[in-house]
Amino acid sequence: MNFKDFFLEKSAKTAGKLALAASLLLPALAPATVQAEATKSDVSRVMRDNHLAGSVLLVQNGSVKTVNYGYAWFGRRMKNGSYNVTYPAASLQKVVTGAMLVQIMNEKNHTKQQFSQYTKISRWYPKLKNARYVTVGNLLTHTSGYREVGSESNQNLSENKAINWVTQKINGSWQYQIGSFNYSDTNYILLVGIIRKLTGHSYAYNFKHRIVQPLGLAHTSLRHDIPWTRSQAVSYAYLWQRNYQRPVSLPKSVASQIPGAGNMCTTPIEYYEILLALQNGTILNQSDFNYLTHLKARKTTYSGGMYMKRDGKVKSAFGAIRDEHYGNYVQLTADNRNGIIMFVNERSQTEQQLKGLAFGLLQRIQPGTFSLN
């Protein structure tokens, strides 16, 4: 058996494992019987008609199937779904960072380092502007008032330098009112600093030992740790009625400046496995996940990396990286049994337009369940 055949066989086994895990997860919250179905041909048609390329995971009544369309690297004619392709996850990483923090919160309970969503971040950032008023929960819900601080040119920064850059920019510029919602990578970069100080290890170390290794993920890593046997999908725009224009990948330098907020690479099926593990006890249990996604500081439905919509019955997140054409979108029922995960590497659509295309497929999966935005 060659390596590609081995990968395909492993992927089929992984899909079966995920379907079983999803079927066992939260039986009390099982949704009504699926009344419609989104087929692979439906997805391919949407991708073709809207000049999209990427990898899409459909989840229907606990069963998963992947649809790959177009090229991950047009110049090398490497197709999406190839065994060595991985995709930047952008802001879909934030729930992973939040989950790691909750893990550490549990581990530090009843110790001198005990903390909660109400703990002021001045404990770890004593010289940071407004730190004595901003809580851990504020960071997790983007209600700290801290705003985007730009980037450090094309420099490839270490985790520590990225955190220092953010704190310097915060201290040297105006910020929004504490308690107001303002989506900013800055919040999660600061969380990386807290994770580092609480564990004595880098975020990269924690990510490997808390997420990748326990789940046995072969296609999930941080951007700077992508092995030579893997290729990051290139992003493209559809322009001048032509596909695969303006190719651009996520540079290591850009990824290095957003640790914990957008430097993870993965695939739709492995991201789904991560989401299952956030509720089935492998990374977090259901109580922990509820804590993370229902923090008291939230001002919108966003908490801990996810938007919880339709009275908590549906969760979603969108990710994109400035200057690249990637578009990542997840919308699943709270029990992970129905929904969609899209990793798009060619698009001309806005965020809302891409969500609208996904919503059309979601309506075929389970009508009346999902949110349009």
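The values are calculated or read from the model by the stated rules, or taken from the named source; none is laboratory data. Small disclaimer: the values here were computed from a predicted structure and weren't measured. Neighbour counts run over all protein chains shown; Cβ positions are idealised from the backbone, glycine included. These accessible areas exclude ligands, DNA and RNA; they are computed on the full protein's heavy atoms, side chains included. Shrake-Rupley method; radii C 1.70, N 1.55, O 1.52, S 1.80 Å.
What is the helix-to-structure angle for 40-49, meaning the angle in degrees between its Cα long axis and the longest Cα principal axis of the chain, kept from 0 to 90 and rounded to the nearest 10?
Result, in degrees: 80.
Give me the net charge for the shell around S180: Cβ to Cβ below 14 angstrom, other residues only, Lys and Arg +1, Asp and Glu -1.
Computed value for this residue: +3.
Classify the stretch 137-251 as rounded, prolate or oblate, taking a ≥ b ≥ c as the square roots of the eigenvalues of its Cα gyration tensor: rounded when a/c is under 1.5, otherwise prolate if a/b is larger than b/c and oblate if not.
In terms of gyration-tensor shape, oblate.
Compute the angle between helix 3-24 and the longest alpha-carbon principal axis of the chain, please, reported from 0 to 90 degrees and rounded to the nearest 10.
Relative to the chain, helix 3-24 is tipped by roughly 70 degrees.
Would you work out what percent of the accessible area of the stretch 206-314, with all protein chains in place, is carbon or sulfur (probe 1.4 Å)?
Its accessible area is 49 percent carbon and sulfur atoms.
Can you give the angle from 0 to 90° between the axis of helix 185-199 and the longest principal axis of the chain, with both taken from C-alpha atoms, to the nearest 10?
Approximately 70 degrees, to the nearest 10.
Could you pull out every one of the aspartates and glutamates with an alpha carbon less than 17 Å from that of K169, ignoring same-chain neighbours closer than 8 positions?
Partners within reach: E148, E152, E159, D185.
Anything over 30 Å Cα to Cα? Flag those among K127/K296; K65/K94; K127/K355; K40/K315; K65/K208; K252/K296, in the order listed.
With Cα atoms farther than 30 Å apart: K127/K355; K252/K296.
Could you please tell me the mean projected area of the C-alpha convex hull for the chain, averaged over all directions and given in square nanometres to one decimal?
Mean shadow area of the hull around the Cα atoms is 18.3 nm².
Determine the per residue accessible area of the stretch 209-346 with all protein chains present and a 1.4 angstrom probe, expressed in square angstrom.
35
Find out how many positive minus negative residues lie around S55, taking Lys and Arg as positive, Asp and Glu as negative, among other residues whose Cβ is under 15 Å from that of S55. Please list the in-between numbers first.
Details: positive: K40, R48, K65, K79, R230, R347; negative: E270, E273, E346.
Result for the local shell: +3.
Over what distance in Å are the Cα centres of the stretch 70-112 and the stretch 146-181 separated?
Spelled out, the Cα-based centre of one part sits 22 Å from the other.
Separation of the stretch 291-314 and the stretch 317-342 by C-alpha centroid, Å?
16
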